[in-house]
Every structure is written in structure tokens, then in C-alpha cells.
Amino acid sequence: MQFKKGLTIKPKVINSVGEVIFTDGTNDVVANQRVCEAYGYRYNAGKGTCEAFIYNTKINRTSNDVHNIIKGSKNTTNSGTENTFVLGKNNTTFGENKNSIVVGENNQIANQINNAAVISGTYAEATNQGEFVLGGGGFNEAVGMAQTSFIQQSGNTIDGTETALLVQYLPLTYIQKVANSVIGFEANVIGVNTGVGEGNTGDYGYVQVTGAVKFTNGLASTYHQATTHIVQSGHSGMNITAVMKDVTATSFGIAVTGLAETYIQWTADIKLFRNNIQQTF
């Protein structure tokens, strides 16, 4: 890996408990929080360590190949990987991964990500639950530099309060930001009246949100987007709105606004186009 712009150390290796060891090119060194996060890892302030994944002693005592099928060379399934199919070369699951697929070369599934699929290509990474990823080659430098992915979000509203939808309908789970990247997006959002409260059962709204977001090295965001009513409310029954926005400091996703006293079930099918550079901005 190359040195990030303005930094004098870079990752050298990830040890067996998930800690990232850095080097200045000659000696092993310890990274501070700014440097750790600049390379896309997580900083553990309590331990003062930079982590690629969370080490779990109970999980790591289990077999490394629980109902896994691994075909090819130099593939790595870290502890806690279960019911996973890996086909190709130099692919990695970082542990505590279940029910996933990795096909291709130099692809990865991040720690604690389940039900994901890197289905083709090279240098791709799955960092969201249930994510479907196509690798774009990564310029033969690092994973996640160029890729296309598909993510599904869902949720419910009972009034006109703006509500962030959930990835795979998992509590407090949203799409993860990517530092030093521009991500284009297309989201098809459908809200259906369940018949509880106001309105008629089966009334719906269908909008498409398209645009792009830029994430800086510190994960600050700038959005440019447009919303199109694919089916006008006069034909579908409900005038709903949706927007792509930050949810937390490290995550984003679709937020929807329904109607007062109307119980609406929502889905958002999202396509993401990532261009991630190694330089910082």
C-alpha cells in the first residue's frame, strides 16, 4: 500500500487479533486515531490500537471452516466465517461472516458482515449487511477503489416525521460512508399504505432519488440530488418524499417522510457507484 498524502507511515500487516501494524518504511510504529482512520480502519481509544476487525475470543476458538466451500488458491476465511462460498484467488472474509459468497480475485467481506455477495470482478469489498457487489478492478492497488453495489433498505412510518430506513431492516443499521470517495446513487423508493389509520389500503407512492455524494477524509459529506415522482400522487394515492442524507457521522441512507396518521411500509432499492481515491481531500 502507498503512503497517504501528508502521512509518513502506512499499514504493514493485520495481526491475528485484528490490530493493524504500521511502518515508516523501516520500523514498526503505532498509529494515532487520525492516521488509523485515514486508512479506513477503526481506532480503539480504550486500547490505543488501530483495528481492522473486532477480535472475539469465543468466535476465534471455533473452526475456521464451518460449512464453508473454498475453491481456488490463497483464499482466507478468518475465524467465525460460516456457510460461505469462496471461489477464486486471494479473496478474504475477515471473520464473523455468515451465509455469504465471494467470487473473483482480491475481493473482501468486512468483519461481521452477513448475507453478502461479491459476485464477480476484482478488488471489491462488501461493507454492508446483505450487500451485492461487482468489483471494478481497483486500479490493481487496493480494494473498494472502483465498484458497483446494491443495497436494500426498509422501514415503517406512522406519521409525517422524517425517518431513516434500515439496511436489511436491522436496528440502527445504515449504509457505511467511505472516506475520500465520490459515490453516485440511484434509489427506487416505494411506500405502501397498510390500511391502518388514515387512507386506503394499497395506496402508494413511488419516487426515484438520483445524485452523488462526496465524502472527505473525515467523512464530511456534500450531496447533490434530484427526486422524481415515477407515479404521480394523483394516480397512486399518496404524495410521499424521500432523500439521501447522513444518518450518523459514519453512515448514510434514504430518509422518507410519510403522512399524518397513515401507516406506511417502505422499501428502497439502492444502487451505488463508487470512485474511491487514495489521496485525501
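The values are calculated or read from the model by the stated rules, or taken from the named source; none is laboratory data. As the structure is a computational prediction, the values presented were derived from the model and not from experiment. Methodologically, a virtual Cβ is constructed for each residue, glycine included, from the backbone with ideal geometry; neighbour enumeration extends over all protein chains shown. Areas reflect the complete protein model, heavy atoms only, side chains present, ligands, DNA and RNA absent. Shrake-Rupley method; radii C 1.70, N 1.55, O 1.52, S 1.80 Å.
Of all the criteria given as (1) surrounded by 15 or more Cβ atoms within 10 Å (Cβ to Cβ); (2) under 30 Å from V196 (Cβ atoms), the one not satisfied by A212 is (2).
Which residues, taken from the range 72-105, are more than 24 Å from V167 (Cα to Cα), in contact with a Phe, Trp or Tyr (Cβ under 9 Å, 6 or more places away or on another chain) and modelled with pLDDT of 95 or more? G104, E105, listed by residue number.
Checking the stated criteria, T201 turns out not to satisfy the condition of being surrounded by 21 or more Cβ atoms within 10 Å (Cβ to Cβ), farther than 30 Å from M145 by Cβ and not aliphatic (A, V, I, L, M). Residues that are under 16 Å from F252 (Cβ atoms) and out of contact with any strand residue (DSSP E or B) (no Cβ under 8 Å at 6 or more places or on another chain) within the range 218-235 comprise G218, L219, A220, listed in sequence order. The residue that is farthest from V167 (Cα to Cα), among those in the range 244-275 that are of a type in the set (S, T, N, Q) and either surrounded by fewer than 21 Cβ atoms within 10 Å (Cβ to Cβ) or without any contact (Cβ under 8 Å) to a residue 60 or more places away in the chain (or both), is N275. The sole residue among G199, G195 that is farther than 21 Å from G40 by Cα, modelled with pLDDT under 95 and part of a loop (DSSP other than H, G, I, E, B) is G199. Close Cβ contacts (under 9 Å, 6 or more residues apart or on different chains) running from residues in the range 196-213 that are of a type in the set (V, I, T) to residues that are not in a strand (DSSP E or B) comprise V196/I158; V207/I240; V213/K177.
Residue count for the range 1-44, restricted to those that are open to solvent by 70 Å² or more (accessible area, probe 1.4 Å) and farther than 26 Å from A249 by Cα: 9.
For T241, are the conditions met, namely being among the polar types (S, T, N, Q) and in contact (Cβ under 8 Å) with a residue 24 or more places away in the chain? Here the answer is yes, as T241 does meet what is asked. Selection of strands (runs of 3 or more DSSP E) fully inside the range 115-158 by the criterion of at least 2 residues being touching a Phe, Trp or Tyr at 6+ places or on another chain (Cβ under 9 Å) and open to solvent by 50 Å² or more (accessible area, probe 1.4 Å) returns 132-135, 146-157.
Restricting to the range 219-238, count the residues that are of a type outside the set (V, I, T) and surrounded by 14 or more Cβ atoms within 10 Å (Cβ to Cβ). Going through the range 219-238 one residue at a time, the tally reaches 9. Restricting the first member to the range 1-14 and to residues that are within 17 Å of G218 (Cα to Cα), and the second to residues that are open to solvent by 60 Å² or more (accessible area, probe 1.4 Å), the beta-carbon pairs closer than 7 Å and six or more apart or on different chains are K5/Q279. As a summary of the residue check, A179 satisfies the conditions (1) open to solvent by less than 40 Å² (accessible area, probe 1.4 Å); (2) closer than 19 Å to T267 by Cα except for the one numbered (2).
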